[in-house]
Amino acid sequence: MSRARVARRIAAGAAYGGGSIGLLGVAAVGVLLAEVQLAKRSVGGGVAPLPPGSDGLYGRAYGTEDPLRLALLGDSTAAGQGVRRTGQTPGALLASGLAAVAERPVELRNVALPGACSDDLERQVSLLLSARGGAPDVCVIMIGANDVTHRMPATQSVRCLATAVRRLRTAGAEVVVGTCPDLGTIEPVYQPLRWLARRASRQLAAAQTIVVVEQGGRTVSLGDLLGPEFAANPREMFGVDNFHPSAEGYATAAMAILPTVCAALAVWPEADRIDADRHENMLPVAKAAAEAAREAGTEVTGARAPWALLKHRRRRRLPVPGATAGEATRDAAGDAAEQAAGEVDTPDPGTDTRSAPLWQD
């Protein structure tokens, strides 16, 4: 059965109350259990530091009035577990990047919880919506890895995500979801568990895309970001526990998500139109979801039902003005975030995050 059909079945099961559709079959259970035990001995051999707090106002150089409000929800990946500096967290990277592109201050609130599964999104959304000021302008959700590792039924997982996106959209927030990463790239995981983890991750990512687009949100595939780049450079892309991303890994994920966040707020210079040179297309949503699960950084956004727009937004790193020759080769998103965070564990309210756009056409 094709990934598109499996994803559609999972999404349909979530919509109509089904709870028995799993991500994997039951073959070779004994072998898998043995592989799981081996993986547990290796993954998490180091201790990932608790995520540093990143809440605060970024881009004060653009003023302090009428900031864009950005919120992060999800699991340890959204929280930034595995790094020690605020400027290395995905929240700081996205907030400082958004401030630079929009040329407006950005107020960040991160309610993500390390270890969370999709069923915790209800609590996180309630926490956001009950705060003074109501819904943020845009919410970024990164969820799914723990759903796979904790064997949450796929239909339950996507049902929880769909409910969260619907509540946020009803409250007036734009929503961007970084779909389930490819757990088959975790270095200590061996075959056949590695293959099954990859299959489960991509099935869930495709199903997540379907329900998010149907609720009016956008998705960005993170699967292959934890694929070729992570597989080729595991020591650089993974943190000390061999499970959570390193600072370089989070910067790579933020680079993929930021253009879609900017587009959702209509501050990205690139229009939502098809560019054949980038292999973009208009496809049925299930097929678009399956295609996105195969390629990192692919955005899926709703068009006229049942169609969806598959986009690969152009991203080009630019040097930060005033940087030395050596510094100019550093990742622009990391530079902007470190400036916004002041290289300390809490954002410096007076830090100037004004810089050149992180990406341009």
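The values are calculated or read from the model by the stated rules, or taken from the named source; none is laboratory data. Computed from a predicted structure; not experimentally measured. Cβ sites come from the backbone with ideal geometry, for glycine too, and all protein chains shown count toward neighbours. Only protein heavy atoms, including side chains, enter the accessible area calculation; ligands, DNA and RNA are left aside. Shrake-Rupley method; radii C 1.70, N 1.55, O 1.52, S 1.80 Å.
Here are the numbers for the structure shown:
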quantity	calculated
Principal axis box of the range 90-165, alpha-carbon based, largest edge first, Å	42, 24, 18
Heavy-atom SASA rank of 152, 282 (probe 1.4 Å, accessible area, largest first)	282, 152
Amide proton proximity set for residue 58, modelled H, under 5 Å, gap of 5+	106, 107, 108
Cut-off under 5 Å, modelled amide H: who pairs with residue 175 long-range	139, 218
Linear extension gain, residue 50 paired with residue 276, 0.36 nm per residue minus alpha-carbon span	77.1 nm
Point-to-point label distance, residue 122-residue 304, nm (Cα→Cβ direction, 7 Å offset)	3.8 nm
Kirkwood Rh and Cα Rg combined as Rg/Rh, the range 59-108	1.01
Rounded to the nearest 10 Å², the accessible area of residue 287 at probe 1.4 Å	110 Å²
